Amino acid sequence: MKKALLFFAHLFGFEKLNDYEKGYLHDANIRSSCYMGVIVVLLEIWMLVRQTHFKIIPKYQAGGDFFQLLVKYTSKYWLFLLIGLGIMLFCLFQKKKTLSKGRFLSLMIVGVLCILYTAVITLETFIKPNDSITPVMAGIMNAMLITIYVLLFAIGVTIVSYALVRYLKKKNAAVFEHLAIILFTLVCLAFGIYVSYSDFWDGKQIICYLTMVIYVGCLLIYRPYITILILVASFGSFYGILLTFQNGMTFHSQEVMISGVLETYISGDSVNYVTFLISLATICFAIYHGRLNEARKSKALEKSAEEDSLTGMKNYNYFVDLAIEEVANLPEPISEHVFLFLDVHNFKAFNDQRGFEAGDTFLITVGGYITEIFHDSLCARQADDHFTVLTKTQDLQERLDKLNRLVHAYDPDILMGINCGGYHLTNQKEDPRMAIDRARYAAHTIKDRFQTIYAEYDKKMSEAFRKRLYIINNIDNAVQNGWIVPFYQPVVWSDSEKLCGCEALARWIDPTYGLLAPYEFIPVLEEYRLIHKLDKSIFTSVCKDLRAAMDAGKPVFPVSLNFSRLDFELMDAVQELENLVVYYRIPKELIHVEVTESALTDNFVYLNTAINRIKELGYSLWLDDFGSGYSSLNVLKDYQFDVIKIDMRFLSNLESNEKARTLIDCIIHMANRIDMLTLTEGVETAAQAKFLNQLGCNRLQGYLFGKPIAKNDLYKRIQNGELVVSENLIGK
Ligand code: C2E
Ligand code: MG
Ligand code: MG
């Protein structure tokens, strides 16, 4: 029983709809009204042309007064034209976020004209009884006319009120939206009845009424029970009006004056009318339920476009859309509102140690913390372990402290916490993406300071930030104009200290900023996934330099190229290198590929494939910055490197730190045992060099033997004997 009741409630549309579904149906009605507005406008223009051509011009040529004729024959059509235009504009502007001055004015003008015009022509068009129109019939016609005029007047008032409310930015304009559509529905029905009544009286079909009923039933979607009520009421009233003929009315046209015909017409057709009504009601059911399904599907789609699939928070794009709207409507002082960029400190370590699944669960939990702590603010997950918030500065520090405590307590064995940057708004047109970028930059400045959890973007950062933007925006220029060049840092054999190779290190020689060092552009380019452009350019320059040196008969030696982890993701890095090497005819042993250990901890299949391919193609594979990360030994186990580059941090307190000396010793021995050679980076003193040589480290690199310098300077140093190229360039 309950099921049956629920079924009928659903069928007739008594069920509760959510705001989205209501909005969806309402939007469909707005669209239909807009189309109908266009149709009305076109129809009325046609009517105006017809009236002018068939009535006004002939009568004017016969000596009539043009303006009188115009008023007499076109008043009604002007009014409907205005109303059609009004409804069309009204519906068109509804979806616009703001009502600009132009839109406001056009709505006001059309609305006011509708009001004035209705008031004036109501008096003009009253029907007076005459030979063919009985007083009762004139009374009915006038009553229907008044109904239509009242409704039209109300539409004019609604349009004007709506325009005013929207323009003054008061939020309760929705009531006018509904009102206008309801009024429009009623006008259509009343108009249909009025026109068809006189058509019927002229012995014609009631086409106009049927068209209007179809429009109301099929295009304007109300809940089925409302539609059925409207249709039954309108059919009832029309039928009732038609029946008045039977009670002694006369027909305008002689042919259908016989009351028998009238009887047959009305009662015979009543079966057709009822059938039509039932069919229409069925169609309304189908359309309503179809629309509702569409709404539900579209909501599900929209949700996936708005939601972050992991945490269920808003996704970044949706956040930006909402933020634009919110910022535009923020109350003063606007600087009390701040965009936050939140990053989880050490999340990578957590992910590596606890696995991806635990990492996902952690991110969901952090998303929950943020949503709860910033419950009154706009929050979203940007990507990875990055979150964004638009909030007030009030209580900010306490909220961040709380969040930090929660994140820290999640897994006390791994030192996690939050790293947050903030950017204060300065005006209502601020672009949220730019604001978040600045907040992100501020967060970035305290990345290595675990104790500090919050940094605010300030004037000082602004210059550095501008430089970052400059780098991002100019990487293509830099590549094309040759602003990016490789500098070469010597690598020597530790026993002979003779040159056995060089490392190519990128420098950006900028026309505005001068010489930029890698720490200024490499992290930015990696962050914005543009690093492959730089690396490709360095690979090309190195191959060109080698080719030029070979052609000029100068000494050549192997060059190490730094590969970023992202190179493997953003381009087919190995193939790019191979193409260049083939094109410039460079012997493979002259190219060493350096990959940092942190690049290899991600364990993606494509990384494995790429690394193996480097070896297969015959390049020497070097592990850069060994010991600077935390899973180096795994990396050694999984990949076959030719050379391990020991991170320069091991050398920083070599003299005073016994442990550091022992560690280096162990690393060198371990490397030898697994068939790998060693190079120590950052050698600055002769004592360090001697010590490393004694331990059996094969190669050395550092300021002691030379800083990175331009190609020509390097050859000058070779020419004047400061650097001696070893006869053995390949290895021991
Ligand atoms: P890296 O590959 O470990 O390069 C060694 C860095 O240590 C270089 O810094 C070098 O100038 C510096 N260095 C060498 N000897 C000494 C020394 O005795 N003392 C000190 N204090 N520093 C020394 P640079 O050129 O600033 O490069 C920094 C990092 O930027 C590089 O570290 C590398 O990871 C990255 N990088 C540089 N060029 C490129 C490139 O073309 N592509 C990619 N993907 N990364 C690059
Ligand atoms: Mg390197
Ligand atoms: Mg290194």
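The values are calculated or read from the model by the stated rules, or taken from the named source; none is laboratory data. Quick caveat: nothing in here was measured; it's all calculated off a predicted structure. Positions of Cβ are generated from backbone atoms using ideal geometry, with glycine treated the same way; all protein chains shown enter the neighbour counts. Side chains included, ligands, DNA and RNA excluded: accessible areas come from the protein's heavy atoms. Shrake-Rupley method; radii C 1.70, N 1.55, O 1.52, S 1.80 Å.
Annotations
- Computed from the C-beta positions of residue 299 and residue 415, the FRET efficiency with R₀ = 41 Å rounds to 0.45.
- Probe 1.4 Å - accessible area at residue 114, Å² to nearest ten: 0
- 424, 592, ranked by accessible area, largest first (probe 1.4 Å): 424, 592
- Sorting the segments 643-649, 13-19 by their residues' average number of neighbouring beta-carbon atoms within 10 angstrom, most packed first, yields 643-649, 13-19.
- Among the listed pairs 536/645; 97/533; 95/429; 96/303; 59/101, those whose Cα-Cα separation exceeds 31 Å are 97/533; 59/101.
- Label zone (residue 53, point 7 Å along Cα-to-C-beta; backbone nitrogen cut-off 17 Å) within region 179-210: none.
- Size of charge dipole - the chain - debye, nearest 20, with Cβ of Lys, Arg +1 and Asp, Glu -1, no other charges: 2000
- Local electrostatic count at residue 291 - Lys and Arg +1, Asp and Glu -1, tallied over other residues with Cβ under 15 Å: +2
- Sequence of 476, 642 from largest to smallest accessible area, 1.4 Å probe: 476, 642
- In order along region 59-71, the phi-based Karplus estimate (6.51 cos²θ - 1.76 cosθ + 1.60, θ = phi - 60°) of 3J(HN,Hα) comes to 6, 5, 5, 7, x, x, 7, 4, 5, 4, 5, 4, 5 Hz; Gly and Pro are listed as x.
- For the chain, the longest principal axis of the Cα atoms and the long axis of helix 658-673 meet at an angle of about 90 degrees.
- Selection from 523, 502, 489 lying farthest towards where the dipole of the chain points positive, charges on Cβ: 523
- Accessible surface of the chain, 1.4 Å probe, proportion on carbon and sulfur as whole %: 59
- Mean Cβ count within 10 Å, highest first, over the residues of peptides 483-489, 382-388: 483-489, 382-388
- Cα lying deepest toward the dipole's positive end in region 575-732, options 718, 583, 680, charges on Cβ: 718
- For region 28-96, accessible area per residue (1.4 Å probe, heavy atoms of protein chains only), Å²: 55
- Calculated over region 20-299, the projected area of the Cα convex hull averaged across directions stands at 16.5 nm².
- For region 401-414, backbone phi angles converted through the Karplus equation (6.51, -1.76, 1.60; θ = phi - 60°) give residue-by-residue couplings of 4, 4, 4, 4, 4, 5, 5, 5, 6, 4, 8, x, 6, 10 Hz, Gly and Pro being listed as x.
- Here residue 2 sits with roughly 150 square angstrom of accessible surface, probe radius 1.4 Å.
- Net +/- balance of residues flanking residue 506 in space, Cβ distance below 15 Å, scoring K and R +1, D and E -1: -3
- Alpha-carbon centroid distance for the pair region 422-479 / region 1-69, whole angstrom: 53
- In angstrom, the C-alpha Rg and Dmax of the chain are 40.6, 129.
- Positive dipole terminus of the chain, leading residue within 234, 475, 143 (C-beta point charges): 143
- Between region 551-570 and region 355-385, the Cα center-to-center distance that results, in Å: 41
- Across 611, 709, the residue with the most accessible area heads the list, and the full order at a 1.4 Å probe is 709, 611.
- Cα-Cα P(r), region 456-539, percent of pairs per 5 Å interval: 3, 13, 23, 21, 14, 10, 8, 5, 3, 1, 0
- For residue 391, neighbours were defined as the other residues whose beta-carbon sits under 11 Å from its Cβ, and their charges (Lys and Arg +1, Asp and Glu -1) total -2.
- Amide hydrogen proximity for residue 699: with H placed 1.01 Å from N in the peptide plane, the residues at 5 or more positions away or on another chain lying under 5 Å are 494, 678, 679, 680.
- Full-extension gain in nm, residue 730 to residue 326, via 0.36 nm per residue minus C-alpha separation: 139.1 nm
- Under 5 Å from the amide H of residue 345 lie the amide H atoms of 417, 418, 419, each residue being 5 or more positions distant or on a separate chain, with H modelled from the backbone and absent for Pro and chain starts.
- For region 20-299, the dipole from Cβ point charges (+1 on Lys and Arg, -1 on Asp and Glu) about the Cα centre works out to 1720 debye, to the nearest 20.
- Protection proxy ranking, peptides 658-665, 203-210, 145-152, average beta carbon neighbours within 10 Å, highest first: 145-152, 203-210, 658-665
- Estimated dipole of region 476-633 in Debye, rounded to 20 [Cβ of Lys and Arg +1, of Asp and Glu -1, Cα centre]: 520
- Amide N proximity, region 699-720 versus residue 509 label position 7 Å along Cα-to-Cβ, cut-off under 11 Å: 710-713
- Distance between region 143-212 and region 81-136 - C-alpha centres, whole angstrom: 9
- Share of pairwise Cα separations in region 33-161, more than 18 Å, in percent: 62
- Accessible area (Å², 1.4 Å probe, nearest 10) - residue 666: 70
- Rounded to the nearest whole Hz, the Karplus-based 3J(HN,Hα) values (6.51 cos²θ - 1.76 cosθ + 1.60, θ = phi - 60°) of region 121-137 follow the sequence 7, 3, 5, 5, 9, 4, 8, 9, x, 8, 4, 9, 10, 6, x, 5, 5, with x at glycine and proline.
- The smallest convex shape that holds all Cα atoms of region 314-457, its convex hull, gives 93 Å³ per residue.
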